[in-house]
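> Sending over a structure as structure tokens; questions will come in a sec.
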């Protein structure tokens, strides 16, 4: 609810924060009573500021009163801190910030550093807490509550980062007073920094962000059986307790817990925190989607707030059908009394969440820390227009968003001022508004390299869902098709230079020429198949390939006949066009995946796809359903079979360790703003078996030579630092790439040129067999 009031009646938010501040002494006392420092706010409170959370909870199924441990939801303090931070960054009321917010926020931070404890494993841990889930109240790790709740721990690291920002914004005198009031000494600040790099968050080998420590050992719950028996299983916790069981023992949540992070923070910020804590996140969106699918199957939606969070994350995952379903569940919750509680009062938080979905998902309104506002609309197919007013940085704006354009107007600025307000970004348009001046602009989302890459990565998940539906003989839904159409329109309306080439913004504001022909043509083919049918696509391909194409296809069909092949092997162009100049956007087409899947299922016994690229790249760009083909990468030196089992050639333990540490350092290097562009040009970063390659230039030489040289120097520095006292890999550079190979002999370059390059896909297939 706080963001809703902040954008409309911020005085309500100020009153709420004052309410919290006036009960700061009670929060400090509550912390001391529990053996902690700083301020520990109660989960539920009243005028007194004391803990008012119930200690027993009535179970209408069993008729018993069960213990209630929800007072252990210490993350309420994080929510208060977050709201205070949002108020400060949006309203910029410095007097209120200095007099009220700083002391309260630093006192909350003081509590979190005191509850974290260091153990023999070298990590800090936080025990005895409950996450947003609420089903898991006790654990073997610590008795009451759980240990290392992922949502809590990641948000604590975020909170400590904001403490630095707060202190940096103060004058010397203000800083001295704030530290004195909150009790933050230099030692405490140092401890916060240490916790910020060593707080324990668990990610399984399968890439699942564990809800808390020990979660992996819990049992799975057969929800289908309970649905047949009880019908409504949203409060499966009550059902289990009535049967003499405990929800603490099962992988089932009331509402999103670990996923709640993505409702509050940007994907990139969460990934950076996880990397700082020692985890490797190669593909941020794929990581989120994997966790979304995992926890969606293990969430009962016992609270209607669950739908709000799921809808927003579905948007981030590129799951429009789920997004719409969750939105409608929220919208109907009180109208149709879904929980049976509307008679006692409506759920205001859900109402605010519904509006948030409308604005952040469908209108695509995003505010950034630098004050800029971005609009990327994806209106539902049966919505023609959305009109609303929004307060941004203390000024009221009027928006009218349709499927083709956006109208913006600043309606309460200083009419005597010529100073513009903004910027607003609508596609590739940057807008600055003057009071009472209205601007209408047709929008496109593709003006920068990052936006282009983001657009293409989103099409992967859309294409994947369309392929799954097609192979299941289901008609593709209209929404995924409309999103592919929007992606094509976005690419087609990207800025064009006088030389008729597409130019996108790279970092530092430089525009570079980008060849989008592959991405455009594959989207066109997909839309022809999905909207007009296979015959229309075939006609298009005949026209594109010239005379003789149809005859060659007919000849091939006649030759194959009814033959069932034992093995079918295809190289890179079996799923990805070799004409695409970038690996990161070379997403497999729907039509290609459908045809290849049908071929593999009906015409062959075994099908394999083999490439000289990495297995991670194949998985990032292929939309083939699991189990269709065997994947062979690194020219066959690593592979994944139908059952998802991974195999690779072995390397010496010393070489493998050196390359692993080099690769980890490279990933961190590429998070820096000046180096991110090298991930989205050419081959990007390819971690192969026995070699790592990194693009330093594209075929059009769009990267300035000094920047490419800086990357090469940085790679040399990393290799030298990691290889101290051990075997030193060899670095070889070509016009476009840097190759790192574990080898320290005098003849390594010769071996690399004459030996490694001779290892071909044929040898890889023989090894895979």
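Nothing in this text is a laboratory measurement; each read-out follows from the coordinates by a stated rule. Please read these numbers as outputs of a predicted model, since none were measured by experiment. Please note: Cβ atoms are built from the backbone with ideal geometry, for glycine as well, and neighbour counts cover all protein chains shown.
> Once fully extended, how much extra length lies between residue 10 and residue 297, figured as 0.36 nm per residue of separation less the alpha-carbon to alpha-carbon distance?
Here the segment from residue 10 to residue 297 would lengthen by 99.5 nm.
> Can I ask one more? Taking just the alpha-carbon atoms of region 624-703, what radius of gyration and Dmax come out, in angstrom?
Cα only, region 624-703: 15.3, 42 Å (Rg, Dmax).
> Once the piece of chain linking residue 144 and residue 440 is laid out straight, how much longer is it, given 0.36 nm per residue of separation minus the C-alpha distance between them?
Using 0.36 nm per residue and subtracting the Cα-Cα distance, I get 100.9 nm.
> When 166, 610 are ordered from fewest to most other Cβ atoms inside 10 Å of their Cβ, what list results?
By the 10 Å Cβ count, ascending: 166, 610.
> Kirkwood hydrodynamic radius (Cα pairs, Å) of region 38-193?
17.1 Å
> Now for a different question. Which value results when the Cα radius of gyration for the chain is divided by 2.2 N^0.38 Å?
Rg over 2.2 N^0.38 Å, computed on Cα atoms: 1.02.
> Can you tell me the FRET efficiency between residue 396 and residue 472 if r is taken as the Cβ-Cβ distance and R0 is 41 Å, rounded to the nearest 0.05?
Taking R0 as 41 Å, the efficiency between residue 396 and residue 472 is 0.25.
> Relative to the first principal axis of the alpha-carbon coordinates of the chain, what is the inclination of helix 186-198, with its axis defined by its Cα atoms, in degrees from 0 to 90 and to the nearest 10?
Helix 186-198 sits roughly 40 degrees off the main axis of the chain.
> Calculate, for residue 70 and residue 737, the FRET efficiency according to 1/(1 + (r/R0)^6) with r their C-beta to C-beta distance and R0 45 Å; round to the nearest 0.05.
The value I calculate is 0.25.
> Here's a follow-up. Once the Cα atoms of helix 172-182 and of the chain are each reduced to a long axis, what angle between those two axes, in degrees from 0 to 90 to the nearest 10, is obtained?
70 degrees
> How big is region 275-321 on each of its three principal axes, counting only the C-alpha atoms and giving the largest first in Å?
Extents along the principal axes, in whole Å: 34, 21, 16.
> Next up: Eigenvalues of the Cα gyration tensor times 5, then square-rooted: what semi-axes does that give for region 534-623, in whole angstrom, largest first?
Equivalent ellipsoid semi-axes, largest first: 24, 19, 11 Å.
> Within region 90-120, list the residues whose amide N lies under 13 Å from a label point set 7 Å along Cα→Cβ of residue 174.
92-103
> Find the Rg to Rh ratio for region 246-293, where Rh is the Kirkwood radius over alpha-carbon pairs and Rg uses the same atoms.
1.04
> How far apart, in nm, are two points set 7 Å out from the Cα along the Cα-to-Cβ line at residue 222 and at residue 564?
3.5 nm
> Rounded to two decimals, what is Rg over Rh for region 449-648 when you use alpha-carbon atoms and the Kirkwood radius?
Here the Rg-to-Rh quotient is 0.98.
> Let me ask you something else. Dividing the alpha-carbon Rg of region 253-355 by 2.2 N^0.38 Å yields what?
Here the answer is 1.16, to two decimals.
> How big is region 284-404 by Rg and Dmax over its Cα atoms, in Å?
Gyration radius and largest Cα-Cα distance of region 284-404: 15.6, 44 Å.
> Now for a separate question. By how many nm would the segment from residue 403 to residue 517 lengthen if fully extended, with 0.36 nm per residue of separation less the alpha-carbon distance?
So the chain would gain 38.5 nm between residue 403 and residue 517.
> For helix 478-492, what angle does its Cα long axis make with the longest principal axis of the chain, in degrees from 0 to 90 and rounded to 10?
With both axes taken from Cα atoms, the answer is about 70 degrees.
> Oh, and also: Could you work out, for region 195-264, what percent of all Cα-Cα pairs fall into each 5 Å distance bin, beginning at 0 Å and stopping at the bin that holds the largest distance?
Percent of Cα pairs in each bin: 3, 13, 20, 23, 16, 13, 7, 3, 2, 0.
> Let me ask you something else. On average over all directions, what projected area in square nanometres does region 66-137 have, based on the convex hull of its Cα atoms?
It is 6.7 nm².
> Mind putting together the pair-distance distribution for region 660-738? All Cα pairs, 5 Å bins, whole percent per bin, short to long.
3, 15, 30, 27, 16, 7, 2, 0
> May I pose another question? Can you work out D for region 144-254 in µm² s⁻¹ from Stokes-Einstein, where Rh is the Kirkwood radius over C-alpha pairs, the temperature is 4 °C and the viscosity is 1.567 mPa s?
Approximately 74 µm²/s, per Stokes-Einstein.
> Spin-label point model (7 Å from Cα, Cβ direction): what's the residue 205 to residue 388 distance in nm?
Modelled inter-label distance: 4.5 nm.
> A follow-up question, please. What FRET efficiency do you get for residue 605 and residue 62 if R0 is 56 Å and r is their Cβ-Cβ distance, rounded to the nearest 0.05?
0.50
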